[in-house]
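A.B. asks: Here's a structure for you.
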Amino acid sequence: MSRIAILPLLLVFSTIARATDVQYCEENAEYEVKVKEVNISPNPIARGEPATFTISATTGRGITGGKLVIEVTYFGWHIHSETHDLCSETTCPVETGDFLVAHSQVLPGYTPPGSYSLQMKMLDAQKKELTCIKFSIDIGSVPSVADM
């Protein structure tokens with residue numbers, strides 16, 4: 001097989017979504033929403049390209065609305081916060097049982113490569129914390145085509 005034919009295969013396999021390790025913010029907390037898995041695609045994330053975070057979760061009660069609050073740290077320094085309407089990231093109302101939360105975002109091309117820590121809280125419409133998770137993301141060191 002020629003090098004030209006192998007390159008597209010490598011590109012396809014390098015952008016497959018992979019599950020990332022997730023921890024609850026408080027080890028002994030009884031959260032109403034249990035997170036099963038977080039998938040990040042592509043992983044590592046490419047600067048200047050869309051990245052999608054898909055969270056598989058389950059709930060014991062219906063959720064009519066709320067917010068996702070995301071905090072980002074880099075080498076221990078808080079660098080970014082954002083809040084999203086829960087119903088723009090999943091279908092509302094969320095029925096009892098399994099559901100997905102998906103968020104896509106393009107990171108600026110000037111984002112420094114490395115490992116970042118994210119904390120995500122899910123709040124209901126009354127601002128009650130339903131879950132809080134922490135996980136790491138990796139930003140690739142290879143610049144995207146848009147950076148060149």
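A.B. asks: In the stretch 26-53, what count of residues is obtained for those that are open to solvent by 40 Å² or more (accessible area, probe 1.4 Å), in contact with a strand residue (DSSP E or B) (Cβ under 9 Å, 6 or more places away or on another chain) and in a loop (DSSP other than H, G, I, E, B)?
C.D. replies: So the count comes out to 4.
A.B. asks: For SER56, are the conditions met, namely being under 14 Å from the mean Cα position of the chain (by Cα) and either open to solvent by less than 40 Å² (accessible area, probe 1.4 Å) or in contact (Cβ under 8 Å) with a residue 24 or more places away in the chain (or both)?
C.D. replies: Values: under 14 Å from the mean Cα position of the chain (by Cα): yes; either open to solvent by less than 40 Å² (accessible area, probe 1.4 Å) or in contact (Cβ under 8 Å) with a residue 24 or more places away in the chain (or both): yes.
Spelling it out, SER56 is indeed under 14 Å from the mean Cα position of the chain (by Cα) and either open to solvent by less than 40 Å² (accessible area, probe 1.4 Å) or in contact (Cβ under 8 Å) with a residue 24 or more places away in the chain (or both).
A.B. asks: In addition: Say we look at the stretch 59-81 and pick out the residues that are open to solvent by less than 30 Å² (accessible area, probe 1.4 Å) and assigned to a strand (DSSP E or B); which of these is farthest from ASP138 (Cα to Cα)? Break it down stepwise before answering.
C.D. replies: Filtering the stretch 59-81 for residues open to solvent by less than 30 Å² (accessible area, probe 1.4 Å) gives 59, 63, 65-66, 68, 70, 72.
Narrowing further to those that are assigned to a strand (DSSP E or B): 59, 63, 66, 68, 70, 72.
Details: THR59: 29, ILE63: 31, GLY66: 28, LEU68: 21, ILE70: 16, VAL72: 12 Å.
So, considering only residues that are open to solvent by less than 30 Å² (accessible area, probe 1.4 Å) and assigned to a strand (DSSP E or B), the one farthest from ASP138 (Cα to Cα) is ILE63.
A.B. asks: With the structure loaded, tell me whether ARG47 is closer than 22 Å to SER104 by Cα and in contact (Cβ under 8 Å) with a residue 12 or more places away in the chain or whether it fails that test. First the steps, then the outcome.
C.D. replies: Details: closer than 22 Å to SER104 by Cα: yes; in contact (Cβ under 8 Å) with a residue 12 or more places away in the chain: yes.
Considered against the rule, which asks whether it is closer than 22 Å to SER104 by Cα and in contact (Cβ under 8 Å) with a residue 12 or more places away in the chain, ARG47 comes out as yes.
A.B. asks: Now for a different question. Note down all Cβ pairs under 9 Å where the first residue falls in the stretch 95-118 and is under 22 Å from ASP21 (Cα atoms), the second is part of a strand (DSSP E or B) and acidic (Asp, Glu), and they're at least six residues apart or on different chains.
C.D. replies: Note: pairs meeting the criteria are GLN105/GLU82; PRO113/ASP138; GLY114/ASP138; SER115/ASP138; TYR116/ASP138; SER117/GLU71; LEU118/GLU71.
A.B. asks: Considering only the stretch 48-70, I want to know if a residue exists there that is acidic (Asp, Glu) and modelled with pLDDT of 95 or more. Working first, answer last.
C.D. replies: Here is the first cut: in the stretch 48-70, the ones acidic (Asp, Glu) are 49.
Keeping just the survivors that are modelled with pLDDT of 95 or more gives none.
So far as the stretch 48-70 goes, no, none of its residues is acidic (Asp, Glu) and modelled with pLDDT of 95 or more.
A.B. asks: Here's something else I'd like to know. Would you check if ALA19 is under 22 Å from LEU130 (Cα atoms), modelled with pLDDT under 95 and in a strand (DSSP E or B)? Even if it seems obvious, please write down each step before you answer.
C.D. replies: Working: under 22 Å from LEU130 (Cα atoms): yes; modelled with pLDDT under 95: yes; in a strand (DSSP E or B): yes.
Answer is yes for this residue.
A.B. asks: Output yes when any residue across the stretch 88-105 is farther than 24 Å from LYS128 by Cβ, under 14 Å from the mean Cα position of the chain (by Cα) and not charged (D, E, K, R), and no when none is.
C.D. replies: Taking the stretch 88-105 first, the residues farther than 24 Å from LYS128 by Cβ are 104-105.
Next, from what is left, pick out any that are under 14 Å from the mean Cα position of the chain (by Cα): 104-105.
Those still in the list that are not charged (D, E, K, R) too: 104-105.
Checking the stretch 88-105: at least one residue is farther than 24 Å from LYS128 by Cβ, under 14 Å from the mean Cα position of the chain (by Cα) and not charged (D, E, K, R).
A.B. asks: For the stretch 97-113, give me each residue that is out of contact with any Leu (no Cβ under 8 Å at 6 or more places or on another chain) and either assigned to a strand (DSSP E or B) or surrounded by 12 or more Cβ atoms within 10 Å (Cβ to Cβ) (or both). Before you say what the answer is, go through the steps one by one.
C.D. replies: Within the stretch 97-113, the subset out of contact with any Leu (no Cβ under 8 Å at 6 or more places or on another chain) is 97-100, 102, 104-113.
Scanning the stretch 97-113 gives GLY97, ASP98, PHE99, LEU100, ALA102, SER104, GLN105, VAL106, LEU107, GLY109, THR111, PRO113.
A.B. asks: What number of residues within the stretch 64-102 are within 17 Å of CYS25 (Cβ to Cβ) and of a type in the set (A, V, I, L, M, F, W, C)?
C.D. replies: Residues in the stretch 64-102 being within 17 Å of CYS25 (Cβ to Cβ) and of a type in the set (A, V, I, L, M, F, W, C): 5 in total.
The values are calculated or read from the model by the stated rules, or taken from the named source; none is laboratory data. Keep in mind that what you see is a predicted model, and the values were worked out from it rather than measured. For neighbour counting, all protein chains shown are included, and Cβ atoms are generated from backbone atoms with ideal geometry for every residue, glycine included. Side chains are part of the model used for accessible areas, which takes the heavy atoms of the whole protein and leaves out ligands, DNA and RNA. Shrake-Rupley method; radii C 1.70, N 1.55, O 1.52, S 1.80 Å.
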